[in-house]
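The values are calculated or read from the model by the stated rules, or taken from the named source; none is laboratory data. Keep in mind it's a predicted model, so treat the numbers as computed, not measured. Please note: Cβ atoms are built from the backbone with ideal geometry, for glycine as well, and neighbour counts cover all protein chains shown.
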Amino acid sequence: MKNRPLACPLAALTALALTGCGMLPGGGSQTRTVDLWLMRDSVSEEFLKKFTETYEAEHDGVDIRVTVQDWTGIGKKVTEAIEGPGGPDVIEVGNTQVARYADTGHLFDLTLESIRDLGREDWLPGLAEPGSIDGSQYGIPWYAANRIVIYHKGLFEKAGIDGPPATRAEWLADTRELNRDGVQGIYLAGQDWYTLAGFVWDEGGELAVDKGGFWTGALDSPAARRGMAVYKELQALGRGPKDADEQNPPQTGVFARGNVAQIIATPNNVPAILKANPALGSQLGYFPIPGEEPGKPCAVFTGGSDLIIPDNAPDKGPALEVVKALAGERWQTELARAMGYVPNKKSLAGVVSGQEATAVMARAAARGRATPNSPQWADVEADNPIKPYMTAVLRGEDPVAAAREASRAITETLAE
């Protein structure tokens, strides 16, 4: 990884010199434009309008120019931008994509700002870890989302269950009780590998491990196989397909029929449920995926976005200030409340206490994890060997052999 270059001579470290190097805002009447790339649907038009207008009013001489990008093909587009002669100043990227871009050597090192200005020690681990490469912080956590259990209160009451379970054992017992008389205890597709990852981590396993700079698949470890066994036991308590993921068919549509007691999903799936069946509005409840101990939710995959600054950013000083604002307490609070996201810090979980589903998600996020921090992990997901592994185990094939084959495929891809 590239270390931060000293763009100005040390002897000239005055405010004027720093401004001339582009590291401090201000220093003249000329308007500075921060070119900000955001992903489509990450924020609402209302939030974006409020942020840009407020920020520009409070920072004389700074304009923010936002370009909305689509996720399809974004990897190639970002790589070309950061490797070119002069790209955008700030880019929103998926939290698990930071390693890929950092591997190019063209990201600005934000370690100093993360410690001094942004409270890195309080960041959610599932967002902070992917942004840190070899001890340097290249991605600043912006927002997070993770899976929780969405349940049908009426079906729980009908089964004599008076509230959410406190432990995994209670959850499995309740789900067995719910899974009768035409009701599915849970709808869990056979290839929902993000949910599986949480069980693997909760059992002490990993998807892949870094051994001295060489990544190897680890689904064949005893701990990881225990996680798969938990998934298999749960998946059998419903009629989810063994050979498809949660989008085929969309699990929100299945849940909306009214005869499914639970699904595992992020809260942003709720609008789709209610659109299909508005009558469920008063029947939806939420709880973190239970862990083995009371008060300790299961580990979960944390998805979300980080903010990066390319080395070739034309205006790093104003860019840094925009990143600090977006990742700071004021706009984190605004964003979480406007979009139903989890804020980037554990200490900010309380700002969404009035939003039931988001508050539950924030509690679970404290045990969030991210996928292996390898630049090649995106290639693993592109031709995902975890999915056929899950199907094989769910269909009764030898779990040890299936796990060994999946691990071999992961190792092979990560070595490319």
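Summary table below
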read-out: Test: residue in region 383-393 that is free of Cβ contacts under 8 Å to residues at least 24 places away in the same chain, more than 26 Å from Ser136 (Cα to Cα) and either among the aliphatic types (A, V, I, L, M) or in a strand (DSSP E or B) (or both); value: yes
read-out: Where Glu405 falls short, out of the listed (1) surrounded by fewer than 20 Cβ atoms within 10 Å (Cβ to Cβ); (2) assigned to a helix (DSSP H, G or I); (3) outside the structural domain of Arg226 (by TED's automatic domain parsing); value: (3)
read-out: All positions within region 52-90 that are surrounded by 14 or more Cβ atoms within 10 Å (Cβ to Cβ), farther than 21 Å from His106 by Cβ and without any contact (Cβ under 8 Å) to a residue 24 or more places away in the chain; value: Thr52, Thr54, Glu56
read-out: Failed condition for Gly281, given (1) modelled with pLDDT under 95; (2) within 23 Å of the chain's Cα centre (by Cα); value: (2)
read-out: Unmet criterion (only one of (1) more than 24 Å from Gly185 (Cβ to Cβ); (2) among the small types (Gly, Ala, Ser); (3) buried (at least 19 other Cβ atoms within 10 Å of the Cβ)) for Ala338; value: (3)
read-out: Residue match in region 162-178 (condition: hydrophobic (A, V, I, L, M, F, W, C), in the same structural domain as Lys296 (by TED's automatic domain parsing) and within 24 Å of the chain's Cα centre (by Cα)); value: no
read-out: Unique match (being in contact with a Lys or Arg (Cβ under 9 Å, 6 or more places away or on another chain) and in a helix (DSSP H, G or I)) among Ala189, Ala128; value: Ala128
read-out: Counted residues, region 233-274 - those being in a helix (DSSP H, G or I) and of a type in the set (Asp, Glu); value: 1
read-out: Matching option when the condition is touching a Phe, Trp or Tyr at 6+ places or on another chain (Cβ under 8 Å), crowded, with 21+ Cβ neighbours inside 10 Å and closer than 23 Å to Ile161 by Cα, among Phe287, Phe199, Phe255; value: Phe255
read-out: Filter result for the condition that a residue is more than 27 Å from Ser407 (Cα to Cα), surrounded by 22 or more Cβ atoms within 10 Å (Cβ to Cβ), assigned by TED's automatic domain parsing to the domain that holds Arg408 and of a type outside the set (Asp, Glu), over Val260, Val270; value: Val260
read-out: Residue list for region 149-173, restricted to those being among the hydrophobic types (A, V, I, L, M, F, W, C), part of a helix (DSSP H, G or I) and surrounded by 15 or more Cβ atoms within 10 Å (Cβ to Cβ); value: Leu155, Phe156, Trp171, Leu172
read-out: Subset tally (residues that are touching a strand residue (DSSP E or B) at 6+ places or on another chain (Cβ under 6 Å) and outside any helix (DSSP H, G or I)) for region 310-342; value: 3
read-out: Leu219 vs. criteria touching a Lys or Arg at 6+ places or on another chain (Cβ under 9 Å), at pLDDT 95 or above, under 22 Å from Glu177 (Cα atoms) and of a type in the set (A, V, I, L, M); value: no
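Let's see how each residue does on (1) closer than 29 Å to Trp71 by Cβ; (2) out of contact with any Gly (no Cβ under 9 Å at 6 or more places or on another chain); (3) basic (Lys, Arg); (4) modelled with pLDDT of 90 or more:
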{"site": "Cys21", "(1), (2), (3), (4)": "no, no, no, no"}
{"site": "Gly26", "(1), (2), (3), (4)": "no, no, no, no"}
{"site": "Gln30", "(1), (2), (3), (4)": "no, no, no, no"}
{"site": "Trp37", "(1), (2), (3), (4)": "yes, no, no, yes"}
{"site": "Val43", "(1), (2), (3), (4)": "yes, yes, no, yes"}
{"site": "Lys49", "(1), (2), (3), (4)": "yes, yes, yes, yes"}
{"site": "Glu53", "(1), (2), (3), (4)": "yes, yes, no, yes"}
{"site": "Glu56", "(1), (2), (3), (4)": "yes, yes, no, yes"}
{"site": "Asp60", "(1), (2), (3), (4)": "no, no, no, yes"}
